[in-house]
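**Student:** Below: one structure in structure tokens.
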Amino acid sequence: MGESTKLHIFLFPYMAHGHMIPTLDMAKLFSTKGAKSTILTTPLNAKILENPIKSFNQDNPGLQDITIQILDFPCTELGLPQGCENTDFFFSNPDLNTGDLNRKFLLSMEYFKEQLEHLLETVRPDCLVANMFLPWATKLAEKFGVPRLVFHGTGYFSLCASHCLRLHKPYKKVASSSEPFVIPELPGDIVITEEQVIEKEEESVMGKFMKELRDSERSSFGVLVNSFHELEPAYSDFYKSSVAKRAWSIGPLSLGNREFKEKAERGKKASIDEHECLKWLDSKRCESVIYLSFGTMLSFNNEQLAEIAAGLEMSGHDFIWVVNKSVSQGEKEEWLPEGFEEKMKGKGLIIRGWAPQVLILDHQAVGGFLTHCGWNSLLEGVASGLPMVTWPIGAEQFYNEKLVTQVLKTGVNVGVQKMMKPVGDFISREKVEKAVREVMAGEDMKKRAKQLAEMAKDAVKEGGSSDSEVNRLMEELKLVRMQKEEEKRS
Ligand code: UDP
């Protein structure tokens, strides 16, 4: 293909690390397939993406460049605090009302409509990959004959579970919110309880927004899923036959990051020197360390943090623990038991802030992952061949947990029963100890996890299932382009 015939893809992520990280991975993937990608985002988010994009463009001179298109987002005019361009702004600040800001932030995405319309009209890309939270993007793209692809950021299992729960509403038929029931129609007889289900508020503003989102998905060109067929075959088949019009499995996207620098530069600047972190891991026995992270949106109260610390100590295992709790104004960091860090020196590493997660997960010293079951983390754990302790908090994380504990059987639940709203179940030190010990010792779980990691690597290799689906997608987009050109000529 000549320069002018190369595909040009717009990618518009939701402004949260859990969405921006896989979007950049996707842009890199498209670049390796000969397409040019432009990521649409705001000034502060552009700053986070700048370095990894610069490194990618420099290190891959033979590939198509990735570029950023900066969009205007006047926070204060939109009723948001100055500088609130990423969900991180309110999730990492304990002094703010997170729930309110989260809703307002989500709904203010509409502000981008006009700017996107102008860009689609003037640039006429071959495709727009827009996050699920931008439902109006489908119609806007259609106006200019641009196919819109939806990116949810989650996997097939949770998309299917969510569909079946919405359709059959089985949670309305149970006697209590903690009574287990099987999700109707969903393959695998998956058991869940009402207090773990998110599809309940259909009449609320958010419920209506979610409906709008599904409608826009139905009329879109299709859905991109960061997963691979072999991980969840029954659910990828179910999704493609019964839920979405069309879907392409293109993951695990994190596996596109092969070099040290790429892994180290993912997301925010790490709060620890990456080399120091690897040096610490190098000093540990193979598969002896458990890595704990609760993603980008959560911080526990002091009592729960102290309990986790005690449980880790009781487990006797070495650990790396990411704590993203920022200290409230005037508050002292008083959650760690007195002298804990000193006592654990050499045994445990606490990272306050941002960890180079994929770099850590890929290290041979890591033997288990305690995760909040955000889809990116979960899939990164799968790609690294790790058994998991599941500690879901909210969103679709309880569904993701069921995939791990009931389908893949590569992990155990720490014991969380219900969603955090705003406080979840208190998990005792004994439960933390028991789950960590179980996962670190579980030979069957380890074996299965390693097999999945092999399958994940195969899926993204040339000719693998995900690689083939990306190729098919590229071919389809080229076909759409040719059809458009023909229409213009005739
Ligand atoms: N992440 C990271 N370092 C951290 C915390 C998170 O690199 O200290 C990355 C993690 O690897 C994943 C993403 O941030 O790619 C979090 O996405 P996920 O879906 O797991 O969770 P969310 O925060 O969106 O709930």
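**Student:** With segment 91-172 as the region, which helices (runs of 4 or more DSSP H) entirely inside it contain at least 3 residues that are in contact (Cβ under 8 Å) with a residue 40 or more places away in the chain and of a type in the set (Ser, Thr, Tyr)?
**Tutor:** By residue number, 156-168.
**Student:** Given the options Ser271, Ser254, Ser288, Ser293, name the one that is within 15 Å of the ligand (Cβ to nearest atom) and in contact with a Gly (Cβ under 8 Å, 6 or more places away or on another chain).
**Tutor:** Of the residues listed, the single one that is within 15 Å of the ligand (Cβ to nearest atom) and in contact with a Gly (Cβ under 8 Å, 6 or more places away or on another chain) is Ser271.
**Student:** Now, a different point. Considering each residue of segment 413-426, count those that are over 19 Å from Ile192 (Cβ atoms) and at pLDDT 95 or above, and give that number.
**Tutor:** 0
**Student:** Moving to a separate point now. Considering segment 1-55 alone, what residues qualify as being assigned to a helix (DSSP H, G or I), touching a strand residue (DSSP E or B) at 6+ places or on another chain (Cβ under 7 Å) and of a type in the set (S, T, N, Q)?
**Tutor:** Answer for segment 1-55, where residues must be assigned to a helix (DSSP H, G or I), touching a strand residue (DSSP E or B) at 6+ places or on another chain (Cβ under 7 Å) and of a type in the set (S, T, N, Q): Thr23, Ser31.
**Student:** List the pairs whose first member sits in segment 4-33 and is touching a residue at least 12 places away in the same chain (Cβ under 8 Å) and under 13 Å from Ile250 (Cβ atoms), whose second member is more than 10 Å from the ligand (Cβ to nearest atom) and of a type in the set (Asp, Glu), and whose Cβ atoms are under 8 Å apart, counting only residues at least 6 apart or on separate chains?
**Tutor:** From residues that are touching a residue at least 12 places away in the same chain (Cβ under 8 Å) and under 13 Å from Ile250 (Cβ atoms), the pairs are Ile9/Asp126.
**Student:** Please specify each residue of segment 58-90 satisfying the condition of being in contact with a Ser or Thr (Cβ under 9 Å, 6 or more places away or on another chain) and outside any loop (DSSP other than H, G, I, E, B).
**Tutor:** Residues satisfying the conditions are Ile66, Thr67, Ile68, Gln69, Ile70, Leu78, Asp88, Phe90.
**Student:** Under 6 Å by Cβ, and 6 or more places apart or on different chains, what pairs join a residue from segment 259-282 that is farther than 24 Å from Ala16 by Cβ with one that is more than 11 Å from the ligand (Cβ to nearest atom)?
**Tutor:** Listed pairs, sorted by first residue: Trp280/Leu349; Leu281/His363; Leu281/Ala365.
**Student:** Determine which single condition Gln69 fails, assuming it passes every other condition in (1) in contact with a helix residue (DSSP H, G or I) (Cβ under 8 Å, 6 or more places away or on another chain); (2) surrounded by 18 or more Cβ atoms within 10 Å (Cβ to Cβ).
**Tutor:** Evaluating Gln69 over (1) in contact with a helix residue (DSSP H, G or I) (Cβ under 8 Å, 6 or more places away or on another chain); (2) surrounded by 18 or more Cβ atoms within 10 Å (Cβ to Cβ) leaves (2) as the failure.
**Student:** Run down Ser490, Ser428, Ser468 and say which single residue is of a type in the set (Ser, Thr, Tyr), surrounded by fewer than 18 Cβ atoms within 10 Å (Cβ to Cβ) and either touching a Ser or Thr at 6+ places or on another chain (Cβ under 7 Å) or under 22 Å from Met26 (Cα atoms) (or both).
**Tutor:** Being of a type in the set (Ser, Thr, Tyr), surrounded by fewer than 18 Cβ atoms within 10 Å (Cβ to Cβ) and either touching a Ser or Thr at 6+ places or on another chain (Cβ under 7 Å) or under 22 Å from Met26 (Cα atoms) (or both) holds for just one of Ser490, Ser428, Ser468, which is Ser468.
The values are calculated or read from the model by the stated rules, or taken from the named source; none is laboratory data. In this text the structure is predicted, and so the values were computed from the model without any measurement. Using ideal geometry, Cβ is built from the backbone for each residue, glycine included, and neighbour counts are taken over all protein chains shown.
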